[in-house]
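Undergrad: Can you keep this structure in mind? I'll have questions shortly.
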Amino acid sequence: MTDNHATDPVIHNPVGPAQAAGKPRPPRNQWLDVWDQFRTHKGALAGAAFFIFIVLAVSIGPWLWTVDPTFIDIRARNQGPSLTHPFGTDQLGRDLLARMIKGGQTSVSVGLMAMALSVFLGTAVGVLAGYFRKLDGPLMRFTDLFLALPLLPLLLVILLLFRDVLRAAFGPEAGIFILVVGVIGITSWMQTARIVRGDVLAIKEREFVLAARSIGTPNRRMITRHILPNVLSPIMVSATLGIANAIITESALSFLGFGFPSDFPTWGRLLYDSTDYLQQFPERVMWPGLAISLTVLSVNYIGDGLRDALDPRIRGR
Amino acid sequence: MLTFTIRRLVISIPTLLFIALVIFLLLELSPGDPMANVPLTVPPEVKEQMRLALGLGEPVHIRFFKWIVQFFWIEPLNLIDHFLGTGFAEGKLRVISWQTRSPVMDIVVQRLPQTLWVVGLSYVVGVAIALPIGIYSAYRQYSLFDQAGTFVSMIGYSVPPFFSGVLVIVIFSVKLGWLPSIYDTTHVVDSWDSFVVQLQQMIMPVMVLALQTTAQISRFMRASMLDNLNQDYVRTARAKGMTERVVVLTHVLRNSMIPVVTVIALGVPGIFGGAIITEQVFKVNGIGQLLITAIQANDLPMVQTLTFIFAVLIVLFNLIADVLYGILDPRIRYD
């Protein structure tokens, strides 16, 4: 992931020739430039298309495929793919396509929410540590401590400990959802914080910040108006990668049997349930496994494309 | 160099203590009760006495201190006794598992070889595959090989081990029937045939874990080689008339290995964490599987000890990475 694109030669440079010809270019929104560069990355484009497809499928899928994912039809159990059940049915006769859609809803929303939480925490810590010299030492030591924690064992322990408490407080489904999103968010913000801090430290020394300070801009507006917009690109890249990380972590937790319960399917849980029937119905592990892998792959490609597109040195402006 | 190492060592002590405290306090909240298995006919006051006998009546800070002493003083003493036959730790209370009522460390020592064989070997295999791939794809940047390498490592990042593991089981165990899907730890290697069986059962878990390692390390190797290939000293070496082989494999490779070696060291504890999942997929009864069963059985001393062992590994390999970086790159030492 740490391809050093800064040292790569520029291969696609759609803007360069236009400048060389000396034609006056109409002013362009910078996001249009980002999009132009993003479009040249075939993998990223395919990834974005696939991710949009998945998000659409899980959000409007339940209206198109109206079978109840929890409906038990014991006489139609363990069926292979057919017209009535395109993905087949499980050991209780529940429709697997409906369960995949329902599971995708949970997996994707856990991914997005946990990413939002971890990006928020990471950005907050990173900006505070980079901007305020006094906070830098303590916050970064704190980040280092978090990086030294054995995360997967701790995640399992936390899930086990707080499961019943949150279930009692928010109900069985919302409680476990909050718990999973919370623990993934709280344990994955460190990389973002480090990257953001580094960038803030560099931007703080620039002239425009000095200029803004000289006209008496207060710290709060300094951060929101001048610092944050300039560290947006690393934040966006780490946000994309955060989605992939969160989806994998949630699936891993569910796969180990510590995440969502069986009647509340996620892709990881479906995969875990299918492995019990691996000998008889090996094709059943494919759907959730492929869904997880392809979603994560597409998100990773989007991240790769975004990194190139948001880097002005590569974009050639 | 010595002061550099000592400074790093001193920093890692408070880190470890903090992590120990976090783990301890987290488990303090746990609803688990060691008396849960005691028959209901035992009266509550007797149960209370049994609880006190386990040391659960003491205040939190005293129990934390005692646990630290047990972990860092009594357990090492036991290790010395075991190897030298001395009696330093005689009569001292060790960390006792609530599940088996035997010392936690004894069980960990039983389980460790399985994990080390599978995890350790997979890491070695992964690194051994990754380095040549990284070197070659940097040397021929944007070639077909490089593109393929990028794609494979993207897959290595994206396909989680609990799917790639299940996938290879479906292909090689269920469909083709070539390899066993379950890792048999009681298998004894004493002849060529049994060695072949051992090889067959190891190949899937090792390759699944190695894929992850390869994906990461080969990318690092490639990026690091690319950084160095454009440097002035490479041009100088070529201008002196050195063969391409010497330039790439001696001059560039040595310098590019500096960050890669530290990344390899940093990845070791992470692979232990990933092994938790792989061990679950292939039913290897290593320490990852031990941790899962201990969590499910609410065996707090076991969970505490294992989690802390993982933490010690992370801190230790961070330290090793730092020191290695200092040894390999003199500029780092003087910051």
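Undergrad: Divide, for segment A:247-317, the radius of gyration over alpha carbons by 2.2 N^0.38 Å, where N is the residue count.
TA: Numbers: Rg = 17.0 Å, N = 71, 2.2 N^0.38 = 11.1 Å.
For segment A:247-317, the normalised Cα radius of gyration is 1.53.
Undergrad: Hey, another quick one. What stretch of chain B, leaving out the sites themselves, is the longest with no trypsin sites (Lys or Arg not before Pro) in a DSSP loop having at most 15 other Cβ atoms within 10 Å?
TA: Numbers: sites that count: B:92, B:101, B:140, B:240, B:283.
Longest site-free region, per DSSP loop and neighbour criteria: B:141-239.
Undergrad: A further question on this structure: Run through every distinct alpha carbon pair of segment B:194-268 and return the Kirkwood hydrodynamic radius in angstroms, one decimal place. Walk me through the numbers before you get to the answer.
TA: Details: mean 1/r = 0.0687 Å⁻¹.
When all Cα pairs of segment B:194-268 are included, the Kirkwood radius is 14.6 Å.
Undergrad: Bin by bin, in steps of 5 Å, what percent of the Cα pairs in segment B:292-335 do you find, going until the bin that has the longest distance?
TA: With 5 Å bins starting at 0, P(r) equals 5, 21, 15, 13, 10, 10, 8, 7, 7, 3, 0.
Undergrad: Return the equivalent ellipsoid semi-axes of segment A:182-228 as a descending list in whole Å, where each equals the square root of 5 times an eigenvalue of the C-alpha gyration tensor. Walk me through the intermediate numbers first.
TA: Working: eigenvalues 154, 30, 5 Å².
Output for segment A:182-228: semi-axes of 28, 12, 5 Å.
Undergrad: In whole Å, what are the extents of the protein assembly as shown along the principal axes defined by its C-alpha atoms, from largest to smallest?
TA: 93, 72, 67
Undergrad: Using a 1.4 Å probe on the protein heavy atoms only, what accessible surface does residue B:188 show? Give it in Å² to the nearest 10.
TA: Taking all protein chains as shown, residue B:188 has close to 100 Å².
Undergrad: List the DSSP H helices in chain B whose Cα atoms stretch 15 Å or more along the helix axis and whose mean Kyte-Doolittle hydropathy is at least 1.6.
TA: Long hydrophobic helices here: B:2-28, B:121-139, B:300-328.
Undergrad: While we're on this one: At 24 angstrom or more along the helix axis (alpha-carbon based) and mean Kyte-Doolittle of 0.5 or higher, what helices does chain A contain? Whole DSSP H runs only. Intermediate results must be reported in sequence, preceding the final value.
TA: Details: long enough: A:42-64 (32 Å, 1.84); A:96-131 (50 Å, 1.29); A:151-170 (25 Å, 2.11); A:232-255 (34 Å, 1.33); A:286-310 (35 Å, 0.78).
Flagged H segments are A:42-64, A:96-131, A:151-170, A:232-255, A:286-310.
Undergrad: Just to be sure I understand: if you take the accessible area of chain B alone plus chain A alone and subtract the pair, with a 1.4 Å probe, what total do you get in Å², rounded to 100?
TA: Values: alone 19060 and 17130 Å², together 32070 Å².
In total, chains B and A hide about 4100 Å² from solvent.
Undergrad: Right, another one. At 1.4 Å probe size, with the rest of the protein present, what percent of the exposed accessible area of chain A is carbon and sulfur atoms? Present the calculation step by step, with values, prior to reporting the outcome.
TA: Values: 9790 of 15050 Å².
The computed percentage sits at 65.
Undergrad: Could you give the longest part of chain B that holds none of the chymotrypsin sites (Phe, Trp or Tyr not before Pro) found in DSSP loops with at most 15 neighbouring Cβ atoms within 10 Å? Intermediate values should be presented prior to the final figure.
TA: Working: sites that count: B:88, B:142, B:178, B:334.
Result for the longest clean stretch: B:179-333.
Undergrad: Less than 15 Å Cβ to Cβ from residue B:185, Lys/Arg counted +1 and Asp/Glu -1: what total charge do the surrounding residues give? Don't jump to the answer; show the numbers that get you there.
TA: Values: positive: B:111, B:283; negative: B:184, B:279.
Computed value for this residue: 0.
Undergrad: List the residues of segment A:274-296 that lose 30 Å² or more of accessible area once all protein chains are present, compared with their chain alone (1.4 Å probe, heavy atoms only, no ligands or nucleic acids).
TA: Buried by 30 Å² or more upon assembly, which counts only protein chains, are A:278, A:279, A:282, A:286, A:293.
Undergrad: Which one of B:43, B:103, B:76 has the biggest mean-square fluctuation once chain B is modelled by GNM with Cα springs under 10 Å?
TA: Of B:43, B:103, B:76, the most mobile in the Gaussian network model is B:43.
Undergrad: Have a look at A:115, A:140, A:100 and tell me which one the Gaussian network model of chain A (Cα, springs below 10 Å) gives the largest fluctuation.
TA: A:140
Undergrad: Shifting gears a bit: Only sites in a loop by DSSP and with at most 16 other Cβ atoms within 10 Å count here; which chymotrypsin sites (Phe, Trp or Tyr not before Pro) in segment A:105-168 make the cut? Write out the running numbers ahead of the final one.
TA: Details: sites: A:120, A:131, A:132, A:142, A:146, A:162; in loops: A:132.
Loop-located and lightly packed - A:132.
Undergrad: Let me ask you something else. Stick to the Cα atoms of segment B:228-335, pair each with every other, and give me the Kirkwood hydrodynamic radius in Å at one decimal. Intermediate values should be presented prior to the final figure.
TA: Details: mean 1/r = 0.0587 Å⁻¹.
Computed over Cα pairs of segment B:228-335, the Kirkwood hydrodynamic radius comes out at 17.0 Å.
Undergrad: Also, I was wondering about something else. Whole number in Å², please: accessible area per residue of the protein assembly as shown, 1.4 Å probe, ligands, DNA and RNA not counted. Spell out each step's value before the answer.
TA: Details: 32070 Å² over 652 residues.
The answer is 49 Å² per residue.
Undergrad: A follow-up question, please. Give the share of C-alpha pairs in each 5 angstrom bin for segment B:111-328, from 0 to the last occupied bin, in whole percents, shortest bins first.
TA: Percent of Cα pairs in each bin: 1, 7, 12, 15, 16, 14, 12, 9, 6, 4, 2, 1, 0, 0.
Undergrad: Using the Cα atoms as the points, what is the convex hull volume per residue of chain A in Å³?
TA: Numbers: hull volume 59.4 nm³, N = 317.
Hull volume normalised by residue count: 187 Å³.
Undergrad: Ignoring any ligand, DNA or RNA, what whole percent of the accessible area of segment B:113-192 comes from carbon and sulfur when the probe is 1.4 angstrom? Provide the component values of the computation, followed by the final result.
TA: Working: 2940 of 4010 Å².
Heavy-atom surface of segment B:113-192 belonging to carbon and sulfur, 1.4 Å probe: 73 percent.
Undergrad: Which loop trypsin sites (Lys or Arg not before Pro) in segment A:48-110, with loop taken from DSSP, have no more than 16 other Cβ atoms within 10 angstrom of their Cβ? It would help to have the intermediate numbers written out before the result.
TA: Details: sites: A:75, A:77, A:94, A:99, A:102; in loops: A:77, A:94.
Sparse-neighbourhood loop trypsin sites (Lys or Arg not before Pro): A:77.
Undergrad: Still on this model: Given all pairs of different Cα atoms, what value in angstroms does the Kirkwood hydrodynamic radius of segment A:108-258 take?
TA: On the way: mean 1/r = 0.0602 Å⁻¹.
Every distinct Cα pair counted, the radius reaches 16.6 Å.
Undergrad: Cα centroid distance between segment B:205-284 and segment A:133-193, in Å?
TA: Here the answer is 31 Å between Cα centres.
Undergrad: Across all directions of projection, what mean area in square nanometres is found for the Cα convex hull of segment A:185-289? Write down the numbers at each step before the final one.
TA: Values: hull surface 35.3 nm².
For segment A:185-289, averaging the hull's shadow over all directions gives 8.8 nm².
The values are calculated or read from the model by the stated rules, or taken from the named source; none is laboratory data. Fair warning: this is a prediction, and the values are worked out from it, not measured in the lab. Here Cβ is always computed from backbone atoms with ideal geometry, including for glycine, and neighbour counts include all displayed protein chains. SASA here: full protein model, heavy atoms, side chains in, ligands and nucleic acids out. Shrake-Rupley method; radii C 1.70, N 1.55, O 1.52, S 1.80 Å.
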